[in-house]
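Enquirer: Structure in C-alpha cells, see below.
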Amino acid sequence: MVHIREAKDGDEGQIKELYTLLSPKDDYPVLTGRIQALAESERDYLLVAEVDGRIVGTLTVNVCPNGAFGDLNYGVMENFVVSSEKRGLGIGQSLYDYAYSMVKEKRCSKLMVLTLSDSKAAQALFQKNGFEADGSVGLKRYMTDELEG
Ligand SMILES: CC(C)(COP(=O)(O)OP(=O)(O)OC[C@H]1O[C@@H](n2cnc3c(N)ncnc32)[C@H](O)[C@@H]1OP(=O)(O)O)[C@@H](O)C(=O)NCCC(=O)NCCS
C-alpha cells in the first residue's frame, strides 16, 4: 500500500538517493532547512511516496501566482522519480494524483512539466493524464555557474 505525504525532517537521505537516479553524475544536496521550508509553505510541496516505511518515489509541485487570470494560479512539477524496483506499480500515478489534487485546491488553471525527450515512461504517464504539447516548445537555461556563494 502506497502512502503519499509531504517530506519531513529525516527524509533527506532517501530523497537524495532517488534524485541520484535522475542524473547519477549530479550531486543533490537535500537540505533539512529546505525540506522544513517546503513543508511550511502553502504553495510548494515536496511529496514522497512511502511503501512499508520506505520512501520509493518523489515529486515536487509548486503553485505559482500570476497576474493574467484574476485569482488563478498555475502549477509546475519537477524532480519526479520512482525507485527502479518499484516502477510500473502505480506509484508515479499516485504521486501525480496527489499533486494534481493540491494544485486544483490552489485554483491552478494549468499544470506544466518538462521531460527529457528520452523519458518515455514519464511522457506516457503525463499524456495518459491529459497533458499535451499544444504547440509549446520547452526551453531551459541552467544558471548554476553564475550563482555566487
Ligand atoms: C516516470 C516514472 C516516475 C513513472 O513512475 P511509475 O511508478 O513507474 O509509473 P506508474 O506505474 O504509476 O504508471 C502510470 C502510467 O504511466 C505510464 N507508464 C509508466 N511506465 C511506463 C513505461 N515504462 N512505458 C510506457 N508507459 C509507462 C503508463 O501509462 C502507466 O499507466 P498503466 O499502468 O495504466 O499503463 C518512473 O518511470 C521513473 O522514475 N522514471 C525515471 C525518472 C524520470 O524519467 N522522471 C521523469 C522526469 S519528468
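Enquirer: Go ahead and collect, in residue order, the members of segment 2-23 whose backbone nitrogen is under 20 Å from a label point 7 Å along the Cα-Cβ direction of residue 101.
Expert: Of the residues in segment 2-23, 2-8 have backbone N under 20 Å from the label point off residue 101.
Enquirer: Cut-off under 25 Å on the C-alpha distance; same-chain residues fewer than 8 positions from residue 128 excluded. Which lysines are left, in chain and number order?
Expert: 86, 104, 106, 110, 120, 140
Enquirer: In addition: Using each residue's phi in segment 136-149, evaluate 6.51 cos²θ - 1.76 cosθ + 1.60 at θ = phi - 60° and report the 3J(HN,Hα) Karplus result to the nearest Hz, with x for Gly and Pro.
Expert: Once rounded to whole Hz, the list reads 7, 10, x, 10, 9, 9, 7, 10, 3, 5, 8, 6, 9, x.
Enquirer: Over its Cα atoms, what ratio of radius of gyration to 2.2 N^0.38 Å does the chain give?
Expert: Here the Cα radius of gyration is 1.06 times the empirical estimate.
Enquirer: Can I ask one more? Extension gain residue 21-residue 34, at 0.36 nm per residue separation less the Cα-Cα distance, in nm?
Expert: Contour length minus the Cα-Cα distance gives 2.6 nm.
Enquirer: Additional query: Could you list 77, 143 in order of exposure, starting from the residue whose Cβ has the fewest other Cβ atoms within 10 Å?
Expert: 143, 77
Enquirer: What are the ³J(HN,Hα) values, in whole Hz, obtained from phi via the Karplus relation 6.51 cos²θ - 1.76 cosθ + 1.60 with θ = phi - 60°, for each residue of segment 74-81 in sequence order, with x given for Gly and Pro?
Expert: Computed from phi, the couplings for segment 74-81 are 10, x, 10, 10, 8, 6, 9, 7 Hz.
Enquirer: Here is a follow-up. Residue 124 versus residue 144, label points 7 Å from Cα toward the beta carbon: distance in nm?
Expert: So the label points at residue 124 and residue 144 sit 3.0 nm apart.
Enquirer: Additional query: Given the Cα-Cα distance of residue 72 and residue 8 and 0.36 nm per residue of separation, how much length would full extension add, in nm?
Expert: 20.2 nm
Only the coordinates and a few stated rules stand behind these numbers; no lab work does. Model, not experiment: these values are computed from the prediction. So basically every Cβ, Gly included, is an ideal-geometry build from the backbone, and we count neighbours across all protein chains shown.
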